[in-house]
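Asker: Let me give you the structure first, and then I'll get to my questions.
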Amino acid sequence: MGEYRRTIFDKHGPAALDRIRALAYGGMVFGLTLGVLDLAMGRVSVWTLAYALVAGLATASVSLLMGVVAGGGWTHLTMSGASTPYEEQYSYQQSLVMQGKVNEALASFEELIASSPNEVELRMRTADLYAKDADGAERAAELLREAQKISTISAGQDIYATNRLVDLLIGPLGEPRRALVELRRLIERYPTSGAAAHARAAIARLKKELTP
């Protein structure tokens, strides 16, 4: 497998859109300026191209500067925890899945997991992909449990991982009693949350189904 070349979105996250927008604005102004000067002077000269290029570069620079200033607010929100931070998009693995190369995508994800012991999102994404096939349910459950044990897991990620694990235990893994354990743990960790309320209802249903 060839080395994956990171895209502009992988490298810069949300700021990549500012760079693309700045280049687009600069190109648009360059074209408009060139057209206006051509009409006014009746011909295209070296000076015409130079003026148009300067106008385009100036527009791109101003646009990028505005994006950076606005990005400062985004960075503040992210660092303060008031907003969800940018997550790695794993575009290479996603492209493999889109091409139907699921096994290759899983192998690539596993390589990343081996070198990323504290990546919660990576494990949950990989687990979701494994869970699409009943044969991958066991590995999906393992990854979700790994994610739960990572100290940096957020409440939202923890709740999601637990619910996905419960689905697997009730479904393809056929271990509903272990699902009850996971639901009780969820209630203990987030007793006043909406997730806890749903967990209590799920426990009641499961107990009823398990009663002979």
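The values are calculated or read from the model by the stated rules, or taken from the named source; none is laboratory data. Only a predicted model underlies this, so the values are computations on that prediction, with no experimental measurement involved. Using ideal geometry, Cβ is built from the backbone for each residue, glycine included, and neighbour counts are taken over all protein chains shown.
Asker: Being at pLDDT 95 or above, over 26 Å from residue 98 (Cα atoms) and not aromatic (Phe, Trp, Tyr) narrows it down to one of 144, 183, so name that one.
Answerer: On the way: 144 fails: over 26 Å from residue 98 (Cα atoms).
Going through 144, 183 in turn, just one is at pLDDT 95 or above, over 26 Å from residue 98 (Cα atoms) and not aromatic (Phe, Trp, Tyr): 183.
Asker: Moving to a separate point now. Consider residue 194 carefully, then state whether it is farther than 23 Å from residue 89 by Cα and of a type outside the set (A, V, I, L, M, F, W, C). So that I can check it myself, show each step before the final result.
Answerer: Values: farther than 23 Å from residue 89 by Cα: yes; of a type outside the set (A, V, I, L, M, F, W, C): yes.
When the stated conditions are applied, residue 194 passes them.
Asker: Looking at the structure I just gave you, is residue 121 out of contact with any helix residue (DSSP H, G or I) (no Cβ under 9 Å at 6 or more places or on another chain), of a type in the set (D, E, K, R) and more than 12 Å from residue 165 (Cα to Cα)?
Answerer: no
Asker: Still on this model: Which condition from (1) modelled with pLDDT of 50 or more; (2) more than 30 Å from residue 137 (Cα to Cα); (3) of a type in the set (S, T, N, Q) is the one that residue 78 breaks?
Answerer: Only one criterion in (1) modelled with pLDDT of 50 or more; (2) more than 30 Å from residue 137 (Cα to Cα); (3) of a type in the set (S, T, N, Q) is unmet by residue 78, namely (1).
Asker: Of everything in the range 147-168 that's among the charged types (D, E, K, R) and surrounded by fewer than 18 Cβ atoms within 10 Å (Cβ to Cβ), which residue is farthest from residue 101 (Cα to Cα)? First the steps, then the outcome.
Answerer: Initial filter on the range 147-168 (among the charged types (D, E, K, R)): 149, 158, 164, 167.
Adding the requirement that they be surrounded by fewer than 18 Cβ atoms within 10 Å (Cβ to Cβ) leaves 149, 167.
Values: 149: 30, 167: 25 Å.
Result: 149.
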